[in-house]
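The values are calculated or read from the model by the stated rules, or taken from the named source; none is laboratory data. Just so we're clear, the structure is a prediction, and the values are computed from it rather than from any experiment. All Cβ positions, glycine included, derive from the backbone under ideal geometry; neighbour counts span all protein chains shown. The area values use the complete protein model at the heavy-atom level, side chains included, leaving out ligands, DNA and RNA. Shrake-Rupley method; radii C 1.70, N 1.55, O 1.52, S 1.80 Å.
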Amino acid sequence: MSASQAEQIAGVRPILRRVVANAGLLLGGRTVNAVLGLAAVAIAARALGAAELGILILIQAFAQFLGEVVKFQSWQTILQYGARPLAEGRRLEFQRVLRFSLVLDIASTVLGVLVGVVGAIAFANVLGWGPDQAPAAALYMVSVAFMVSATPLGLLRLFDRFDVLAWQAALISLIRVVGSVIALALGAGMEGFLLAWAIGTVGSWLYLAGSAWAEVRKRDMLQGFAWRGGRLAEGMPGAWRFAWNTNLAATLDVAFTHVATLMVGALVGPAQAAYWRIGRQVADALAKPAKLLVPALYPELARLRAEDRHHAMWRLARNVGLLAGAVGVAMLAVSWLAGPALLTLVMGKGFSAAAEVMTWQVAAAVIGIFALPLEPMLVSLGKPGAAVRVRLAVGALFLCALPFLVAQFGLIGAGAGLAAAAGALALGMLWFILRENGIRQSVDTDPPDPAQRLEGDA
């Protein structure tokens, strides 16, 4: 190991502490979010029953699917291209990055709402709700505009304002719980709960966007900002390829969440979709403490890459994976031992049937937790295309196998398939990471050119 590599690795510990500290800030908000999110679903479950709750969940899943598909993950563009200009005080370059990200968000918003409104009406029967619920579903698709919040998210992460993100995470579920209680008290049907959940989305977006705008102004990075001037990606080499690759990676990730929910609903009905979604929500809640390391990890990897500290990046990613994995294993034990009791307590006796598939979903989440740092590492190394290729292959196999698994083994087959897909995804990304690390080590250890050696001796 060279002296420079040793210095890089020595600096990892304070960065890891900062990652954990920022994740701790998010943990408070996301823990509240998870608890209140389950409370909102529990209130809706007791008011609507499994079948109508399933329709509510399918409508929300379609909206979230569109929000993820059209969103360009421009928060990653902010981190990738904005970290160095911000650190060096180059305002105009930072504003170019900001303009690029905002244009992507605006275009995504318009596209998402249009597709959502048309799709909710034209494909109502295919998506799991009937013509009677189509108008309410179409109206709910307007909330897609407030799910595209990538730019403010990236700015707040870049500015190290994880406290704001913690409050925002709790706010959306708090509004939904309050709205759900009001809907329950008024005896409202599914439409009332849809309205309550949409208001939560809008309220949390307003808080997030307002906070990000205030932070940019405080740093005096808006002075002279213009929507026009030069090419959109000027001074950002590879920005369009990076944006498309990160968007594709996120879109393929949706295959393991909202698309699976929609497919289960189409294959076996809204009630089974409700069981699947409830199990997945509990699994996500149990895995949330570990997953919160990822948003705290991205900015640190972006800074290390800007400083060309590649060995420190590798060590940091490995340490985060081991730390998160230990938490994930503990969460799997909780799900296996207390899953049925937990679902009965929160949702009611009729929903304990989701416990077995929930354990498989938690197992998939734990595998994903061990692999948490791999995709951020690939993106930060400028290799988002590798993550896209892995997600594309695994996502296509999972979705193709899902109808067979559900037909032969029911929801348990879908859960086992999800766990297998999570394992394949982790192994694929790990292979690319090891390959890239080997290439970099080879370059670092190559002997210098003889002419350069003579020049240095002289």
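Couple of notes before you dig in:
- Remark on the stretch 29-179: Rg and Dmax equal 18.1, 57 Å (Cα only).
- Calculated SAXS-style log₁₀ I(q)/I(0) at q = 0.17, 0.19, 0.20, 0.22 Å⁻¹ - the stretch 185-240, Debye, Cα scatterers: -0.79, -0.85, -0.89, -0.94
- Only the Cβ atoms of Lys and Arg (+1) and of Asp and Glu (-1) were treated as charged; on that basis the dipole of the stretch 122-237 about its Cα centre amounts to roughly 340 debye.
- To put it simply, the accessible area of the stretch 364-405 at a 1.4 Å probe is 79 percent carbon and sulfur.
- Remark: accessible surface ordering of 248, 222 (largest first) is 248, 222, probe radius 1.4 Å.
- Accessible surface, per residue, of the stretch 88-190 when the full set of protein chains is kept, probe 1.4 Å, Å²: 42
- The stretch 37-80 and the stretch 117-153 have Cα centres lying 11 Å from one another.
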